[in-house]
Amino acid sequence: LTLLISFYFGENSTGGALIDYPNQKEIVTLFSKDFKETILNYDNFSTRHSPVLLIFLSFGEKLGLNDMMIRLFHLHLCLLLPLFFYKCLKLKFKEIDKKILILISGLIFLSPTFRTLAIWPDSRLLGLLFFTLSIYFFLKFKKNYYFKYSVYNIIFYTISSYISPNFSVFAIFFLYNYFFIIKVNINKIIIILF
């Protein structure tokens, strides 16, 4: 509810999101009008963000959704972050009371960065959502070593890295775990590398 109120009033706690958003919105509009030309000239735009989120948002424009609806959809998608964070905590800390874990995961709603980037679409928050999903599947894999969870981990980790390249460095951690600690067999290592 507080996020919806903040959405209505245009909260910008971090100070930079409202400045970045119009530039990104312009690129989203260009993607919706001429995808090929925009992607070929993407390096000429003054943005430090991956084009993946902007392409995703441009589909909303192509469907005829106005800016407010696209931002509202993004806000609701970001609400999954505390849920998946809670699921990660529940897997990792089984002995801690679930109420405490809910409280800890709910602290995300107090973060000015979360609040601002949920209201003004930005690649870092969506990338964090997919990265949290990848951690969830990594924890599930470490719990029972079902290979499918390692594949899900890599898929969601890859999506997070394409949305926000900040997360690409974590490939070293995941691959190190799969190759040296867990010692997955060679056929499964080939699948993971692929």
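Observations, loosely collected:
- Pairwise FRET efficiency - Ile189 versus Tyr42, Cβ, R0 = 35 Å, nearest 0.05: 0.55
- In straight-distance terms, cross-link reach from Lys188 covers every one of the lysines whose alpha-carbon lies under 25 Å from its own, apart from those fewer than eight places away in the same chain; here that gives Lys92, Lys140, Lys142, Lys143, Lys148.
- Only one residue of Ile172, Phe35, Thr2 has its Cα farthest out toward the positive end of the dipole of the chain, where Lys and Arg carry +1 and Asp and Glu -1 on Cβ, and that residue is Ile172.
- Reach of Lys62 by Cα under 18 Å, taken over lysines that are not fewer than 8 positions away in the same chain: Lys25, Lys33, Lys36
- (1) 15.0; (2) 10.0; (3) 12.7, with the label sought being that of the calculated mean projected area of the Cα convex hull in nm²: (3)
- Extended-chain gain in nm, criterion 0.36 nm per residue less alpha-carbon gap, Glu95 and Ile155: 18.7 nm
- Farthest towards the positive end of the charge dipole of the stretch 44-194, among the residues Ile189, Thr47, Leu125, is the Cα of Ile189, using unit charges on the Cβ of Lys, Arg, Asp and Glu.
- Difference of contour (0.36 nm per residue) and Cα-Cα distance, Asn177 to Ile104: 23.6 nm
- Nitroxide proxy distance, nm - points 7 Å out along Cα→Cβ at Leu77 and Leu1: 2.7 nm
- Screening the chain for DSSP H helices whose Cα atoms reach 20 Å or more along their own axis and whose mean Kyte hydropathy is at least 0.5 gives 123-144, 147-163.
- FRET efficiency for Asn23 and Phe170, using Cβ-Cβ distance with R0 set to 30 Å, rounded to 0.05: 0.60
Every read-out reported here was derived from the displayed coordinates using simple, explicitly stated rules and does not represent laboratory data. A quick note: this is a predicted structure, and the numbers were derived from the prediction, not measured. Positions of Cβ are backbone-derived with ideal geometry, glycine not excepted, and every protein chain shown enters the neighbour counts.
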